[in-house]
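Before any comments, here is the structure.
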Amino acid sequence: MKTLFHRSIFVLLLIGTQLFFGCEKNPKVVPPVVLQPTVELTITPTGTLKYGDNCTISWTSTNANGGVFLNNQSVGTSGGITKKIFRDTTFILRGVNGSLTATNQKDVKVGDWTTSDEGLLTHNYWLLKRIEYYEDSNFTDSLILVQTPERLTDKYYFYLNGKYEVFHATGVLFGGGTWSLSGKTLIIISSSYEILVLSQKSFSIRTFLEILPNGKSKFQVSTYWRS
């Protein structure tokens with residue numbers, strides 16, 4: 001009986017040893033857990049934007065270890081940018097983690113060029129109609145009216161990139177610089193002009209020139225038209 005018992009113990013130990021070392025040689029591989037990514041996209045302001053308005057695009061994500069892409073451009077896992085928008089635009093945010101993806105899409109609607117001062121100013125070239133000089137800001141006393149016939153065919157272009165150019169009727173460039181808008185003030189290079197009229201067909205600006213000997217202020221008003 002003792003011999004049989006001892007033999008049984010030996011066999012069990014042998015089997016256990018084989019099982020133990022067998023597990024050592026062929027460990028079970030546990031595949032890594034790939035989490036589903038998530039992305040959140042926010043556009044402000046909401047609603048239809050005016051032509052050339054700024055909008056802010058903000059985003060967040062989780063588990064996007066393979067990258068985050070805004071309209072196919074790589075971006076950080078969270079962040080925000082501000083862009084001027086001139087046409088209807090779709091923004092698509094995509095997060096990647098291995099073979100898993102998550103997307104979020106927002107559509108931005110934009111009015112046409114007539115909905116903003118920037119659109120009205122840059123839509124096409126302007127022709128100089130007249131230059132007027134006044135003794136006060138109320139225009140009660142007109143000093144002189146200059147029709148400037150030799151300049152009535154000059155073409156003034158304001159571009160969306162903040163540049164402007166002036167061409168003679170012959171097509172020769174003879175002026176230019178930079179421009180920007182701040183409310184109803186037009187800044188050309190370093191000079192400020194008050195916008196009096198800005199429509200699809202007419203554009204007038206006023207600027208201060210000097211103090212006259214009689215104590216009154218002298219202003220210049222330039223009026224342009226679009227054919």
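Which one is farthest from the chain's Cα centre (by Cα), of the residues in segment 25-48 that are closer than 13 Å to PHE91 by Cβ and of a type in the set (A, V, I, L, M, F, W, C)?
VAL39
If you check every pair at least six apart or on different chains, which have Cβ atoms under 8 Å apart with a residue in segment 74-85 that is in the same structural domain as ASN63 (by TED's automatic domain parsing) first and a residue that is aromatic (Phe, Trp, Tyr) and surrounded by 13 or more Cβ atoms within 10 Å (Cβ to Cβ) second?
Once the first residue is in the same structural domain as ASN63 (by TED's automatic domain parsing) and sits in segment 74-85, its partners that are aromatic (Phe, Trp, Tyr) and surrounded by 13 or more Cβ atoms within 10 Å (Cβ to Cβ) give VAL75/TRP59; VAL75/PHE69; SER78/TRP59; GLY79/TRP59; GLY80/TRP59.
Can you name every residue in segment 46-82 that is surrounded by 14 or more Cβ atoms within 10 Å (Cβ to Cβ), in a strand (DSSP E or B) and of a type in the set (A, V, I, L, M)?
LEU49, ILE57, VAL68, LEU70, VAL75
Go through segment 93-129 and give me each residue that's in contact (Cβ under 8 Å) with a residue 24 or more places away in the chain, closer than 19 Å to THR48 by Cα and part of a strand (DSSP E or B).
Once the filter is applied, which keeps residues that are in contact (Cβ under 8 Å) with a residue 24 or more places away in the chain, closer than 19 Å to THR48 by Cα and part of a strand (DSSP E or B), segment 93-129 yields GLN105, LYS106, VAL108, VAL110.
If a residue must be in contact (Cβ under 8 Å) with a residue 60 or more places away in the chain, in a strand (DSSP E or B) and within 33 Å of the chain's Cα centre (by Cα), how many such residues does segment 207-227 contain?
4
Which members of segment 153-185 meet the condition of being in a strand (DSSP E or B), in contact (Cβ under 8 Å) with a residue 24 or more places away in the chain and aliphatic (A, V, I, L, M)?
Within segment 153-185, just LEU181 meets the criteria.
The values are calculated or read from the model by the stated rules, or taken from the named source; none is laboratory data. Just so you know, these numbers come straight off a predicted model, no measurement behind them. When we count neighbours, we look across all protein chains shown, and the Cβ atoms used for this are built from the backbone with ideal geometry, even at glycine.
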